[in-house]
Amino acid sequence: MGPSTSSRPGRKLGTSSRLNGAALEAWRGYLQSHASIVRELDASLVAEHGLTTRDYEALLYLAQDPDRRLPMSALAERTMLTRSGITRLVDGLVDAGLVERIACPSDARVSYAQLTDAGYDKLRDAGCTHVTSIRRLFCEHFTPEELEQLAELLGRLPGARRAGSCTVS
């Protein structure tokens, strides 16, 4: 019996060092569509609101926190950026007046990124553009049933998060 090609969770796709067939097509489709969608999301957010998708994501994580602030390390983890990457991103948001840095009063090693009122307003304004773009670039290509199935399938991947929203209320 040869290597298994089952797509069920927990089953190995074989030990070959090559991808081919459906596995290759699925992987290529995922990578190419992700890159294309993110490029278009960025373009519309930058054109209409002066924000990148990374900016938007960071502002959203801050807005979803009850205090509208997170330690820089937690923000880096959520956005999957390095320490230097999150520092550069937050520096730009600080320069734009959308975020401010707050020192931790009890631990000088910890600093927080805190969403300003202007940052919250900018995020709310950009949310309509972002959701409209997500619907056009992603959701409209699937039936509601396919979206449910896709959510379940993609939820199996490393790093997938089930909870959360794309906008603030």
- Test V110 against the stated conditions and say whether it is surrounded by 12 or more Cβ atoms within 10 Å (Cβ to Cβ), modelled with pLDDT under 90 and more than 18 Å from the chain's Cα centre (by Cα). yes
- Query: Which of (1) in contact with a Gly (Cβ under 8 Å, 6 or more places away or on another chain); (2) modelled with pLDDT of 95 or more is the odd one out, the single condition R162 does not satisfy?
  - Reply: (2)
- Item | Top-ranked residue in the stretch 117-160 [being touching a helix residue (DSSP H, G or I) at 6+ places or on another chain (Cβ under 9 Å) and outside any helix (DSSP H, G or I); ranked as surrounded by the fewest Cβ atoms within 10 Å (Cβ to Cβ)] | A160
- Can you tell me which residues in the stretch 95-122 are without any contact (Cβ under 8 Å) to a residue 12 or more places away in the chain and either of a type outside the set (D, E) or in contact with a Lys or Arg (Cβ under 8 Å, 6 or more places away or on another chain) (or both)? A103, P105, S106, A108, R109
- Query: What residue, among those in the stretch 23-51 that are part of a helix (DSSP H, G or I), in contact (Cβ under 8 Å) with a residue 40 or more places away in the chain and aliphatic (A, V, I, L, M), is farthest from G119 (Cα to Cα)?
  - Reply: I37
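Quickly run through the stretch 94-113 and pick out the residues that are hydroxyl-bearing (S, T, Y) and either more than 20 Å from Y61 (Cβ to Cβ) or assigned to a loop (DSSP other than H, G, I, E, B) (or both).
Correct list: S106 only.
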- Exactly one of L81, L60, L89 is of a type in the set (A, V, I, L, M) and either touching a Cys at 6+ places or on another chain (Cβ under 7 Å) or not in a helix (DSSP H, G or I) (or both), and that one is L81
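The values are calculated or read from the model by the stated rules, or taken from the named source; none is laboratory data. The model shown is predicted, which means the values in this text are computed figures rather than measured ones. All Cβ positions, glycine included, derive from the backbone under ideal geometry; neighbour counts span all protein chains shown.
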